[in-house]
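The values are calculated or read from the model by the stated rules, or taken from the named source; none is laboratory data. Since this is a predicted model, take the numbers as computed values, not measurements. When we count neighbours, we look across all protein chains shown, and the Cβ atoms used for this are built from the backbone with ideal geometry, even at glycine.
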Amino acid sequence: MIRQVMLPLCMALTVLTGSASAKTVVLTDVDCEQMAAISAEAPLLSWAGYHASAGVFAPVYIELVPGRAFLIRYPIDKVIPPGNRITQAEWVVPVVYCPREQKLLVHRLLGEWGAGVSHLYRSVRPQKVEWNTPGAGGASSDRAIKASAAVRVTDIGEQIINVTQDVELWYSGASKNAGWIVTIETKGFVRLSSPMWMTRGNWKLRITYEPE
Amino acid sequence: MRMAFGLLGLLLLIPGQTAGENLKLASATEGTIDRLVLVTTAPAACAAVSDTAGLLAIGHRTGEAHVSLFALNDQGQLATDAPLTLTLPTPAAFEQKNHPLCLVFHPKKPLLYVWQDVEIKQTGVAPDANGLKLNHLLIYDVAKSPPALVRELARGAEYAIDNQAGAIALSRSAGRLYVPNLILDPAKPTTAASLGYFNLDAEGLPVDADQKPTDKLAFRITKPNWALSGFPCGMSYLTLENDAVVTTNSIGTVTWNENNAASPFNAVMQRSFLGKYYNDRLAAHSTLPMLYGSGLGTNETWCMEHVGGFPTLTAQRATIERASLTTGPLVLSKRNQVALAGSDRVYVLDLNDRGRFKATLMRTRAPKAAAIAYSPRFDTLYVAVEKVK
């Protein structure tokens, strides 16, 4: 009787705590200094997540359509000390509206981007630097050739994406952390929670690491 | 009235907690702020300084006078305790009390521009028969004593009335004067708002395309605009290079850059949403491409880089413990600091070389401080306070 109770209990405790030295940190969009919602319709804007009315763009949502993208870079190096290895990394993408099935594509961005980032430019300071292909679309130049994830979205809610490999690449230094770009390529749209409007903290990156 | 001249004494370093670059600035004991002039007056609504004319103007929401004008001596101190006062004109038999919402000095000419409105019965409505006669914009020649009203204009169906806030601003070239609280379609007034401007001649007075005096707006936004919805509209105005403008409406910033044909308007919300609308106020760094903002009635201020007025990357937010802000931010350009007032205090935050907040906060007592102004010439911060009973 005791064994019947204790064995599952021990297993449950192991699952919950993992290795005794493993730690999990959660970063959100609030921790990020680099984010943007770029759009071919507003090629010079950093925050063009939603086309609100003629000539008016506002990141009320991150409404992804073909030609629009969301960029985000988490400061992983600030929260995970050296000498560890990444055991798991999950990225929470908050979907707030999806009228019909869409496929979200997640690619690692390549190279620096910064102030004035837009559909046309990686940055405009200290000088203007264009994307190789507008919209950060250059494969192997602006973004990784292969998508890190292709997520089928059918409804609202949190989409959990396994990004362990990407985070490990960044943490190890094998690839420079320039963040991710999220796009869709098929007709239609999907709305994601905006980190630059009323609600924040919905874009979570959960990283579990342990000593090497 | 009294003034106080503070010497730099205690620099209060309050370690801030950081989440990313966001800061929580804790309260501390009172200190003193260098070159701070507290001006005790009737309840203040707005303030402005003219380094050219050597004047400090304070607009009052209540009291006998609408505007108090203090001459400054060559040290930037009040030359006299007794200001000249202005009573703003209203139409005959006008029942609602009028008061100034914003004061702006011309950078070179001895002109004071005053934007006025009336006490609120219902926010931002189309003017009635009496309201149609109210001139919102008053232009005074402050070289004369007493100051002379040289122009009064901005009246009629396109100007919403009963607004609690509204700002005016001169373009960088002083060739335009931007005005707030316009009704998008005066023929069918709704909550759809608009903004516009007057063209000014070399003397700082409104003119038409033929350089003749006019009381008509040179331009008004006439297309429905999602970012301009409800009143007040244009509670702060920042004018940048190439006639780019950043203003405010229900939430956050609204950038209006007519040089960007594809996307001239961009609305972004930088602050935390704490249940309040129509309370954003702005400032711009004098040399760095940085915007600063705060929400009146909140304890939060923010800064964000911009390109041509369009916000980019992310905002840095700083919350000030136990503060309830009554003013927007004000950049103290000579000191690379930002000042704000609220909760009977003046707060000063240091900026780093990128124009972002450091985790340092100074504060000093300033009873019911509700209007602040800064003189780059004298590197002096003026704060309108009320007499402590």
**Asked** Are any of the residues in segment B:276-287 of a type in the set (Phe, Trp, Tyr) and either within 14 Å of another protein chain (Cβ to nearest Cβ) or without any contact (Cβ under 8 Å) to a residue 12 or more places away in the chain (or both)?
**Response** yes
**Item:** Whichever residue in segment A:136-173 is in contact with an Asp or Glu (Cβ under 8 Å, 6 or more places away or on another chain) and part of a loop (DSSP other than H, G, I, E, B) and, among such residues, is nearest to A:GLY114 (Cα to Cα)
**Value:** A:ALA136
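So which residues in segment A:121-145 are charged (D, E, K, R) and closer than 22 Å to A:ILE76 by Cα? Give the steps one after another, and end with the answer.
So in segment A:121-145, the residues charged (D, E, K, R) come out as A:122, A:125, A:128, A:130, A:142-143.
Those that are charged (D, E, K, R) and closer than 22 Å to A:ILE76 by Cα: A:ARG122, A:ASP142, A:ARG143.
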**Request:** Name, by its number, the condition in (1) within 14 Å of chain A (Cβ to nearest Cβ); (2) within 20 Å of B:ASN266 (Cα to Cα) that does not hold for B:TYR292.
**Result:** (1)
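Output the residues belonging to segment B:239-253 that are of a type in the set (A, V, I, L, M), closer than 21 Å to A:TRP197 by Cα and more than 9 Å from chain A (Cβ to nearest Cβ). Full working, then the answer.
Our first condition is that a residue be of a type in the set (A, V, I, L, M); within segment B:239-253, this holds for B:240, B:244-246, B:251.
Keeping just the survivors that are closer than 21 Å to A:TRP197 by Cα gives B:245-246, B:251.
If the condition is that a residue be of a type in the set (A, V, I, L, M), closer than 21 Å to A:TRP197 by Cα and more than 9 Å from chain A (Cβ to nearest Cβ), then B:VAL245, B:VAL246 are the ones that fit.
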**Top-ranked residue in segment A:47-89 [being part of a strand (DSSP E or B) and in contact with a helix residue (DSSP H, G or I) (Cβ under 8 Å, 6 or more places away or on another chain); ranked as nearest to the other protein chains (Cβ to nearest Cβ)]** = A:ILE72
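I need the full set of residues from segment A:16-35 which are in a strand (DSSP E or B) and at the interface with chain B (Cβ under 7 Å from one of its Cβ atoms), in order please. Please lay out each step first, then the result.
Within segment A:16-35, the subset in a strand (DSSP E or B) is A:23-27, A:34-35.
Of everything in segment A:16-35, those that are in a strand (DSSP E or B) and at the interface with chain B (Cβ under 7 Å from one of its Cβ atoms) turn out to be A:GLN34, A:MET35.
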**Asked** Which of (1) more than 14 Å from chain A (Cβ to nearest Cβ); (2) modelled with pLDDT of 95 or more is the odd one out, the single condition B:ASP162 does not satisfy?
**Response** (2)
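Touching a strand residue (DSSP E or B) at 6+ places or on another chain (Cβ under 9 Å) and without any contact (Cβ under 8 Å) to a residue 24 or more places away in the chain, is that true of A:ARG122? Working first, answer last.
On the way: touching a strand residue (DSSP E or B) at 6+ places or on another chain (Cβ under 9 Å): yes; without any contact (Cβ under 8 Å) to a residue 24 or more places away in the chain: yes.
Criteria met by A:ARG122.
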**Asked** Got a number for residues in segment B:75-127 being at pLDDT below 95 and aliphatic (A, V, I, L, M)?
**Response** 7
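Mind telling me which of the residues B:VAL307, B:VAL348 ends up being away from chain A (no Cβ under 14 Å) and surrounded by 20 or more Cβ atoms within 10 Å (Cβ to Cβ)? Show your work before the answer.
Working: B:VAL307 fails: away from chain A (no Cβ under 14 Å).
Exactly one residue qualifies, and that residue is B:VAL348.
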**Request:** Consider B:PHE265 carefully, then state whether it is buried (at least 21 other Cβ atoms within 10 Å of the Cβ), farther than 26 Å from B:SER333 by Cα, of a type outside the set (Gly, Ala, Ser) and within 13 Å of chain A (Cβ to nearest Cβ).
**Result:** yes
**Request:** Keeping to segment A:121-145, report how many residues are farther than 16 Å from A:ASN177 by Cα and surrounded by fewer than 19 Cβ atoms within 10 Å (Cβ to Cβ).
**Result:** 12
**Prompt:** For the subset of segment B:213-228 comprising residues that are surrounded by 16 or more Cβ atoms within 10 Å (Cβ to Cβ) and within 18 Å of B:GLU203 (Cβ to Cβ), which member is nearest to the other protein chains (Cβ to nearest Cβ)?
**Reply:** B:ALA218
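Condition check ((1) closer than 27 Å to B:ASN257 by Cα; (2) polar (S, T, N, Q); (3) within 14 Å of another protein chain (Cβ to nearest Cβ); (4) touching a residue at least 24 places away in the same chain (Cβ under 8 Å)) across all residues:
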{"residue": "B:PRO311", "(1), (2), (3), (4)": "yes, no, yes, yes"}
{"residue": "B:ARG317", "(1), (2), (3), (4)": "yes, no, yes, yes"}
{"residue": "B:LEU330", "(1), (2), (3), (4)": "yes, no, no, yes"}
{"residue": "B:ARG335", "(1), (2), (3), (4)": "no, no, no, yes"}
{"residue": "B:ARG363", "(1), (2), (3), (4)": "no, no, no, yes"}
{"residue": "B:THR380", "(1), (2), (3), (4)": "no, yes, no, yes"}
**Every residue from segment A:180-196 that is in a loop (DSSP other than H, G, I, E, B) and crowded, with 22+ Cβ neighbours inside 10 Å** = A:SER194, A:PRO195, A:MET196
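Suppose we keep only residues that are over 16 Å from B:GLN122 (Cα atoms) and part of a strand (DSSP E or B) within segment B:174-189. Which one would you say is farthest from the chain's Cα centre (by Cα)? Give the derivation first.
Just the residues of segment B:174-189 that are over 16 Å from B:GLN122 (Cα atoms), to begin with: B:174-180, B:184-188.
Remaining after also requiring part of a strand (DSSP E or B): B:176-180.
Working: B:ARG176: 17, B:LEU177: 14, B:TYR178: 12, B:VAL179: 12, B:PRO180: 12 Å.
Here the residue is B:ARG176.
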